[in-house]
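Since the structure comes first, as structure tokens, the remarks are kept for the end.
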């Protein structure tokens with residue numbers, strides 16, 4: 001069954017990418033290709049940016065001020081995480097890449113399901129680039145081109161081509177606002193989806209509740225098998241078990257060889273906990289939360305639980321990847337916006353010497369970042 005599901009997922013991904021490839025072929029006159037990156041221009045979106053700016057210019061000027069204030073804060077946070085990972089040998093930096101059919105990348109790479117990655121990255125890049133264009137427009141710098149961005153045939157968001165000549169002529173403060181705008185767009189995306197997550201959680205808490213731990217079998221020669229454990233686990237000794245987390249927490253804080261009384265919907269079972277991997281062990285297989293509609297014992301359908309789980313996974317990845325991108329983008333490493341901000345400030349103060357100094361700072365932090373990724377790779381291999 002699992003093999004079939006994997007094959008279906010691979011086929012769906014290939015069909016999706018084929019459809020994108022066909023679309024790009026049909027729109028080839030509006031494309032610009034640079035190695036593996038494809039730019040799809042859109043006159044409609046460019047005009048829309050100008051229209052939004054003209055209607056809400058004051059709002060984007062205020063957001064520009066917020067961007068210039070938040071930029072150094074995010075830069076300091078990013079630098080702190082890199083240095084902290086180097087000093088304390090902690091994996092605090094990692095790449096996030098899409099995977100298909102449960103494929104796992106080695107080293108400091110977080111594997112994210114393809115569909116979740118596509119949705120999250122598209123929204124993140126779209127909000128990032130759009131905010132650059134909107135705040136640039138509010139500062140008198142026009143967007144020359146705007147459109148969709150692809151890595152080969154994989155859609156990864158949007159791109160903005162602002163008037164660089166005009167950008168170089170405006171004062172330093174305005175240039176920094178425009179450069180810092182992208183990370184602000186990501187922070188706003190994080191806040192939006194974080195609020196959505198909290199709101200949905202509160203709504204669900206009014207509708208459903210966790211009422212124990214369900215399992216589909218007992219392991220051979222385990223404490224659970226020896227006593228014929230069955231039913232939904234609701235209590236162990238005097239501890240209420242509402243979820244898998246509660247069960248894990250109880251076992252974590254209870255020593256092996258302890259005799260406990262487990263209460264289920266089928267009765268009470270007295271057993272002695274075994275030891276496995278230096279932890280207490282009951283011996284149940286296929287464990288999951290037993291979720292019911294609030295105020296009743298009616299279980300929530302499996303497809304509803306699965307849908308809710310996927311929805312929360314997408315929202316969480318969008319929220320926290322947005323925040324991660326916002327901070328990473330403010331690192332003083334060119335061509336990241338943080339590196340460009342440092343370059344603009346130093347060039348303004350020290351001229352050509354300032355540009356050389358910014359290149360040195362960029363190189364140093366790039367080395368530190370790569371070294372942090374290397375350390376994360378070693379640490380992750382030890383942990384997993």
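Computed from the coordinates by the stated procedures, all read-outs in this text should not be read as laboratory data. As the structure is a prediction and not an experimental result, all values here were calculated from the model. Every residue, glycine among them, receives a Cβ derived from its backbone with ideal geometry; neighbour counts consider all protein chains shown.
Taken as Cα centroids, segment 197-233 and segment 280-315 sit 8 Å apart, rounded to the nearest whole angstrom. Here, segment 208-308 yields an orientationally averaged convex hull projection of 6.6 nm² when only Cα atoms define the hull. When shorter helices are ignored and each DSSP H run of at least 4 residues is given -39500 (n - 2.57), the per-residue value for the chain at 222 nm works out to -20000 deg cm²/dmol.
In terms of surrounding Cβ atoms within a 10 Å radius of their Cβ, 146, 293, 303 rank from fewest to most as 303, 293, 146. Look at 115, 317, 214 and count the other Cβ atoms within 10 Å of each Cβ; fewest to most, that gives 115, 214, 317. A convex hull fitted around the alpha carbon atoms of segment 166-268 yields 214 Å³ per residue. Rounded to whole Å, the principal axis extents of the Cα atoms in the chain read 80, 49, 39, largest first. For the chain, relative contact order (Cα pairs under 8 Å, six or more residues apart, normalised by length) works out to 20 percent.
You can think of it this way: the chain between residue 292 and residue 54 has 80.6 nm of extra reach, that is 0.36 nm per residue less the Cα-Cα gap.
Counting only the Cα atoms, segment 259-350 fills a convex hull of 234 Å³ per residue. When each of 201, 42, 127 is scored by the number of other beta-carbon atoms lying within 10 Å, the sequence from fewest to most is 201, 42, 127. Entry note, segment 208-308: relative contact order of 37 percent, from Cα contacts under 8 Å with a spacing of 6+ residues. Summarising the label geometry, the points placed 7 Å from Cα in the beta-carbon direction at residue 353 and residue 307 lie 6.6 nm from one another.
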